[in-house]
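The values are calculated or read from the model by the stated rules, or taken from the named source; none is laboratory data. This is a predicted model, so every value here is computed, not measured. Note: ideal-geometry Cβ built from the backbone for every residue, glycine included; neighbour counts use all protein chains shown. Heavy atoms of the whole protein, side chains included, go into the accessibility calculation; ligands, DNA and RNA do not. Shrake-Rupley method; radii C 1.70, N 1.55, O 1.52, S 1.80 Å.
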Amino acid sequence: MMSVTKEIVTERLKTVNGPDFTGNIVDLGMVSEIFIADSKVFFSITVPAARAQEMEPLRAAAERVVKAIPGVAGAVVALTAEKKGGGMEAPVPARPAPRPAPPAPPAAARPAPHAPASHSSGKRGVPGIEAIIAVASGKGGVGKSTTAVNLALGLAANGLRVGVLDADIYGPSMPKLLNIHGRPQTVDGKILKPMENYGLKVMSMGFLVDEETPMIWRGPMVMSALTQMLREVEWGRLDVLVVDMPPGTGDAQLTMAQQVPLAGAVIVSTPQDLALIDARKGLNMFKKVDVPLLGIVENMSYFIAPDTGKRYDIFGHGGARREAERLGVTFLGEVPLEMGIRESSDAGEPVVVSKPDSATAKTYRDIAAKVWDRVNEERGAAEAAVPSIVFE
C-alpha cells in the first residue's frame, strides 16, 4: 500500500483552486499544518471571515482530492476564519472578564440542590432528579456526545449520582459510547427502567429501536418520545441528569429548554470561528428561554503528536476561550484531539473510566467540577432573587 506523506497531500491540494479561481489553496497559504495518523489526514483551510459561509464547496473539494489519494483511510478538513491581524475582519471589542467565583468545596462534599433549578415558572420538574444539565452544540461533528458522556462520568467520579438522557432521537450515541445492549425492562408495563453501566443510569432511543432503523418522525412525535424518556422512566434519586442534546436549535432543543427546568446548559465547540458561529446560536437560544449558561468547552483544542510530543493546533486554538470571555460566560476547559479518546469511545469504554489516571480523564473531571460549581452558583443566585416575606 502506498505510504501517505505530507508532501503527497500538499501536491494534491495544489489542484484545488483558491477563492474566485485565483491560484491554488496551497500557494495562497490557506492550508494549515497537515497531520497524518493511522492513514487519516487532518488539516484546516483558513478563509476570509466575511466569506466563510460560501467556502464550503472549497472545503469539500479539498476533502475529496485527499480522500482519493491511494492509502488514505479518511480525511478531516475544517474551515477556519481566525483573525490574523491582517484585516480579515474587524476586531471584536474586548469586554471585561467575569469576576471569578469564590472557591467552593469539592463536589463530593457539597450537598446536592433540593429542587430542580429553574429561572422560569411553569416548568414541571422530574421527581427524584435534583438538577438537569443540557450539553449542546450549534452543529454536529464537534464531539458533543463524547463530551457529554465523559462529563457525566466525571460528575460521578466526583461523588454525584448521575443519569444520562440521550435526547438525539435521530442519531442516538449512548448505547455505543457506554457499551450497553438490550432492551429496558418496564415497571407494571408502563414505566421504563433505565439501563445502567459504569455507575450511570441511561435512557436512549437506541435501546428501543434497532441500530439501523431510520427515524423518520416529525416534530410532534419527537416531542412525545422525549417527554416519555424523561418523565416515564424510573430514574430513582439522582443528583444530576446530563442530557445529550441533538445538534442545532430545532424542535427537540426548544422543547427541552422550554418545558424542562434545566439547571443550565454546557456548550461544546471546536476552536475555529465557523464552529463558534453555530455555537453562538445555541448560546442565544438558551438565553432567550432563560436557561443559565454554565460555560463553554473547547473540544479538539490541540493535538500532541505521540511520537515527537510536538503540539499541533490543527483547527486553530483558543477560539472558544475568547468567545467565552467576549460573552462573559465561564470557560470550562480545553479537551485535546487525542486518538485515545476516539478509540475508547468507539470501544464503549470512555476515557474517564478506561484510563482514569490519564491527563485527559483529569481534564474531564475538572470540567465536571466547574460545571457543578456553576450549577450551585446559579441555584444560589436564583434563591437570592426570590423575595422573602417578613411578618411582624
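At-a-glance table
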{"quantity": "Lone unmet requirement of (1) open to solvent by 40 Å² or more (accessible area, probe 1.4 Å); (2) at pLDDT below 95 for residue 161", "calculated": "(2)"}
{"quantity": "Residues satisfying the stated conditions in the stretch 288-333, i.e. of a type in the set (Lys, Arg) and either open to solvent by less than 10 Å² (accessible area, probe 1.4 Å) or more than 18 Å from the chain's Cα centre (by Cα) (or both)", "calculated": "288, 310, 311, 326"}
{"quantity": "Residue list for the stretch 310-354, restricted to those being among the acidic types (Asp, Glu) and more than 15 Å from residue 152 (Cα to Cα)", "calculated": "313, 323, 325, 334, 338, 343, 346"}
{"quantity": "Among (1) surrounded by 11 or more Cβ atoms within 10 Å (Cβ to Cβ); (2) of a type in the set (A, V, I, L, M); (3) at pLDDT below 50 - the single one residue 94 does not satisfy", "calculated": "(1)"}
{"quantity": "Residues of the stretch 54-83 classified as modelled with pLDDT under 80 and among the basic types (Lys, Arg), total", "calculated": "1"}
{"quantity": "Single condition residue 167 does not satisfy, out of (1) modelled with pLDDT of 90 or more; (2) of a type outside the set (S, T, N, Q); (3) in contact with a strand residue (DSSP E or B) (Cβ under 7 Å, 6 or more places away or on another chain)", "calculated": "(1)"}
{"quantity": "Pair list, Cβ < 7 Å and 6+ apart or interchain, from the stretch 1-28 residues that are under 22 Å from residue 71 (Cα atoms) to residues that are part of a loop (DSSP other than H, G, I, E, B) and of a type in the set (D, E, K, R)", "calculated": "14/27; 26/14"}
{"quantity": "Selected residue (criterion: most open to solvent (accessible area, probe 1.4 Å)) from residues of the stretch 343-363 that are part of a helix (DSSP H, G or I) and in contact with a Ser or Thr (Cβ under 8 Å, 6 or more places away or on another chain)", "calculated": "354"}
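Listed here are the residues, each with its yes/no results for (1) without any contact (Cβ under 8 Å) to a residue 24 or more places away in the chain; (2) farther than 21 Å from residue 317 by Cα.
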site	(1), (2)
33	no, no
43	no, no
48	no, no
59	yes, no
65	no, yes
68	no, yes
